[in-house]
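> Just dropping this structure here.
Nothing in this text is a laboratory measurement; each read-out follows from the coordinates by a stated rule. What you are looking at is a predicted structure, and each value in this text was computed from that prediction instead of being measured. As a convention, Cβ positions derive from the backbone with ideal geometry for all residues, glycine included, and neighbour counts pool all protein chains shown.
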Amino acid sequence: MNRIIIIFLFITALVDLSAQEISKFEKLGSVSFITSQNVYIRFDNTDGISINDTLYVNVKGILKPAIIVKFISTTSCSGIAINNFQLKVGDQVKTFVKPIETAKPAIDKVEKENSLPKTVVENKDVIRTVTPYYSKNTRGNLSISSYSNLSNSNGAPDFQNWRYSFSMDADSLFRSSLSFTSYINFSYRADRWGDVQKNIGDALKIYDLAISYNISSKTKITLGRKINIRTSSLGAIDGLQLETSISKFVIGAVVGSRPNFTDYGYDIKMFEYGGYLFRNDSLGNSSIQNTIGIFQQTNDFKTDRRFLYFQNNSNLTQNLSLFFSSEIDLFKRKGGTDQSSFDVTSLFVLGSYSLNNWFNLNASYDARKNVVYYETFKNYADSVLESATRQGISLRLNLRPMNFLWLGFNYGYRFSKDDPQPSRNYGVSLSYIQLPLIMSSIYLNYNKIESGYVNGDYYSATVNKDLFNGEMNLGLGIKRINYQFFSGSPDMIQNIGNLDLSWRLFYNSFLTISYEGTFQETTTYSRIYFSINTRF
């Protein structure tokens, strides 16, 4: 392992050799509010940020690409979340750009026309250029991380996990009509290497690996494993996807298979196919996007599901947006016979209203199936909170009474025939970016859960501080968990503390060390996370 780390550092040093001469500039912002389509980020100023730039979020010390910028103002910008990246109000985001060049007289325009980058902003007789430090056509990430679990309980043996991650997004590959995307993880427990040798699929997870070719400006074909953003609830598709535009319509077809539900590996027996029709309409400042499709999924080549898919994404006004998706099953097997049906098996509605960057109200109804995580860093307390608050009716209000201060209020209600009683949850949060005197960001949160299987309180507080002009970031957090289970399981009372330290090794490489300690009456759990990460 020491050799791997040394080689990794050597490679990142070579990658950064020329970058050391480039003037560094890191811009920090925070998520101010979220709609069904866009994520809005507040900055002190947006100098140096341009459309199609990537904004990053620190996840366990690893900078993950989270947002593509689409709109810019003087102090804020908005964009779309990459691969449905989950964000919340108050999350800190980062981007890296070169400082804007000094304004030049227009007489220099002809002399420098060939050397100007693609992003050029012209204002009468002045030209200014904005140049990100990396190529916009290719973005990638490579990381090596270790996760160790230690406990004083005999029922929870100590273990260590290793995780190698690689992702890349390349547009116009080799200046051609080809593009390539990938996101691959190799993760295993050190004491279970024998299991990996028997079945590498237990460790290797390919979430995205596809190549696309633009046959023309209106037609694109994609081969490999890819989630289609127009039919995102289908999940990843292994196979062929074709899409072509005709006037305001986009016609798409898919044929392939679904990943195996046990190890997420390739499984041709999960064969599926279908098609969809997409249309984008606008009326004044309003835009309406609709997708309707029909798909057939099999299991061992026998029909498993046949269903209609519908998705609507609308900006009704500048302040009001709506998102809606549903799945309607047209086939079921009962008593060994195939029958036609018309059952709504998945439904999600989200409405959002925002006003002048200081008021945002979200309302949603979620009747989708439960989410299964193949990999997660969530502890048990966080997993319980998520499963208890996702489904049902949800309301969230975000207020910004003053600069850098955000208040959040949320309420959720769920009742189904399988629940012994209705479930309720409510909470409040406060976040302040760059708190005076200590110049740190603080986030406070409280959630209350009341359901048929658990009743509990969840408190958390987090402080983040940039050190040495942003070359290092220190995070401190505490949580207090009090869950009472009604199924006969013992109550869970936990005090959780965490310490996170992220250090920039080179211009685009980071070292992260994190510790999380969970303390119960007689049992303690310690989780230590270590990561080396580089972006290109």
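> Got the relative contact order for the stretch 142-292 handy, in percent, Cα pairs under 8 Å and 6 or more residues apart?
Answer for the stretch 142-292 is 13 percent.
> Based on the mean of other Cβ atoms within 10 Å per residue, sort peptides 291-302, 152-163, 524-535 so the most packed one is first.
My ranking of the peptides, most packed first, is 524-535, 291-302, 152-163.
> Separate question: Over the stretch 397-536, what portion of Cα pair distances is larger than 17 Å, expressed as a whole percent?
71 percent
> To continue, here is another question. Take the alpha carbon atoms of the stretch 500-534, find their center, do the same for the stretch 165-207, and report the distance between the two centers in whole angstrom.
Value for the Cα centre distance between the two parts: 23 Å.
> Divide the volume of the convex hull of the Cα atoms of the stretch 161-274 by its number of residues and quote the answer in cubic angstrom per residue.
112 Å³
> Here's something else I'd like to know. Based on Cβ point charges of +1 for Lys and Arg and -1 for Asp and Glu, what charge dipole magnitude is obtained for the stretch 388-528 about its Cα centre, in debye rounded to the nearest 20?
360 debye
> Distance check, please: which entries in K205/K448; K94/K226; K220/K332; K70/K248 exceed 30 angstrom between their Cα atoms?
Flagged as over cut-off: K205/K448; K220/K332.
> If you don't mind, another one. Treating the stretch 216-273 as a set of equal point scatterers at the Cα positions, no solvent, please give the Debye-formula log₁₀ I(q)/I(0) at q = 0.17, 0.29, 0.30 Å⁻¹.
-0.56, -1.22, -1.27
> One quarter of the convex hull surface, Cα atoms only: what value does that give for the stretch 285-356 in nm²?
Its average projected convex-hull area is 6.0 nm².
> On to the next question. Take each of the peptides 169-176, 449-456, average the number of other beta-carbon atoms within 10 Å over its residues, and list them starting from the highest.
Order by mean packing, descending: 449-456, 169-176.
> Compute the Kirkwood hydrodynamic radius of the stretch 241-297, taking the inverse of the mean of 1/r over all pairs of distinct Cα atoms, and give it in Å to one decimal.
13.2 Å
> A further question on this structure: Report P(r) for the stretch 238-370: all Cα-Cα distances, bin width 10 Å, range 0 to the bin holding the largest distance, values in whole percent.
So the P(r) values, bin by bin, are 11, 30, 33, 19, 7, 1.
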